[in-house]
1. Which numbered condition in (1) on the phi < 0 side of the Ramachandran plot; (2) in contact with a strand residue (DSSP E or B) (Cβ under 8 Å, 6 or more places away or on another chain) is the only one that Gly37 fails?
2. Mind checking which pairs have a first residue in region 32-55 that is without any contact (Cβ under 8 Å) to a residue 12 or more places away in the chain and a second that is buried (at least 16 other Cβ atoms within 10 Å of the Cβ), Cβ under 6 Å, 6 or more apart or different chains?
3. Which members of region 97-131 meet the condition of being of a type outside the set (Gly, Ala, Ser), over 25 Å from Glu155 (Cβ atoms) and in contact (Cβ under 8 Å) with a residue 24 or more places away in the chain?
4. For region 85-107, give me the residue count where each residue is closer than 23 Å to Val40 by Cα and either among the acidic types (Asp, Glu) or not in a helix (DSSP H, G or I) (or both).
5. Taking the condition within 20 Å of Gly175 (Cα to Cα), of a type in the set (A, V, I, L, M, F, W, C) and modelled with pLDDT of 95 or more, does Leu8 pass?
6. So, in region 153-177, exactly how many residues are in a loop (DSSP other than H, G, I, E, B), more than 21 Å from Pro139 (Cα to Cα) and not polar (S, T, N, Q)?
7. Touching a Phe, Trp or Tyr at 6+ places or on another chain (Cβ under 8 Å) and of a type outside the set (A, V, I, L, M): does that describe Tyr73?
8. Among the residues of region 78-90, is there at least one that is over 17 Å from the mean Cα position of the chain (by Cα) and not charged (D, E, K, R)?
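The values are calculated or read from the model by the stated rules, or taken from the named source; none is laboratory data. If you're wondering where the values come from, they're calculated on a predicted model, not measured in any experiment. Glycine also receives a Cβ, built like all others from the backbone with ideal geometry; neighbour counts cover every protein chain displayed.
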Amino acid sequence: MLIAPSLLSADFGNLERDVLMLNHSEADWLHIDVMDGVFVPNISFGLPVCQAIQKTAKKPMDVHLMIVKPENYVAAFKDAGADYISVHYEACTHLHRTLQQIKQLGCKAGVAINPHTPVSLLEEVIEHTDLVCMMSVNPGFGGQKFIERTYKKIEQLKEIIIRNSADTLIEIDGGVNLHNAPLLKAAGADVLVAGSFVFGAASPKDTIAALKKV
C-alpha cells in the first residue's frame, strides 16, 4: 500500500517544515491538490507553491488537478516538479488526448473521478491510464465524511483493470483513516491519500507508519 499525504491539510505557514517531515517519514508520495475555484468551490495553491515544494521534496509529487481545461496547464505542472498528474474525467473534453499529452511530457498519467461518476466510463481509456484517483468525498474541501459506496466502486474498477490487462493503480482520496484503510486495501486500493487524518494527528509520522502497516 502506497501512502500519499495530502499537503492541502499541511500548515501553509510552515510548508517547508511539513515537506521535510514527509521526506523523513514512511510516506511514498506527496499529494498536491490544485483547485481553481471553478471546477470545485474552493481555491488552493498553484504553480508557485508546487515549485517551492519541488525544492524540498525528496519523494514523487502526485499532482491532482481539480481545474477546468487542465490540458492547458499540464506542461507547466510537469516543469513545477509533478511526477504524477491526474486530470478529472468530468473536466476533459478529449480525455485520451490529455492522457497522451501527460505521458509525452514524461509523467505518469492519472484520471480522477468524482463520487457520482461511474467507473464504467473509464473502460475506453484504462489501458492508457497509470492511476485512477477515486474521490471518496465530494472534491473541494478536506476533512469530509467518507462515502461508503467507494468500496463497491473499487471492486468494479479492479475488474475493468484486470479485464483490460492494465497496470493501473487505484488511488483513494478523501476521508481515509485507520478504520477504513484495511477495507479499502481488501477492495483493491493501491494508494491512499490522507490529509487531515495525517496532519491533524499528534504524530503525523507515526500515523503514516500505521497506515503503511495496514
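1. (1)
2. Pairs found: Ile43/Met35.
3. Arg97, Thr98, Gln100, Gln101, Ile102, Lys103, Leu105, Cys107
4. Qualifying residue count, region 85-107: 8.
5. No; evaluated as a whole, the condition is false for this residue.
6. Looking only at that region, the number is 2.
7. no
8. No, because not a single residue in region 78-90 is over 17 Å from the mean Cα position of the chain (by Cα) and not charged (D, E, K, R).
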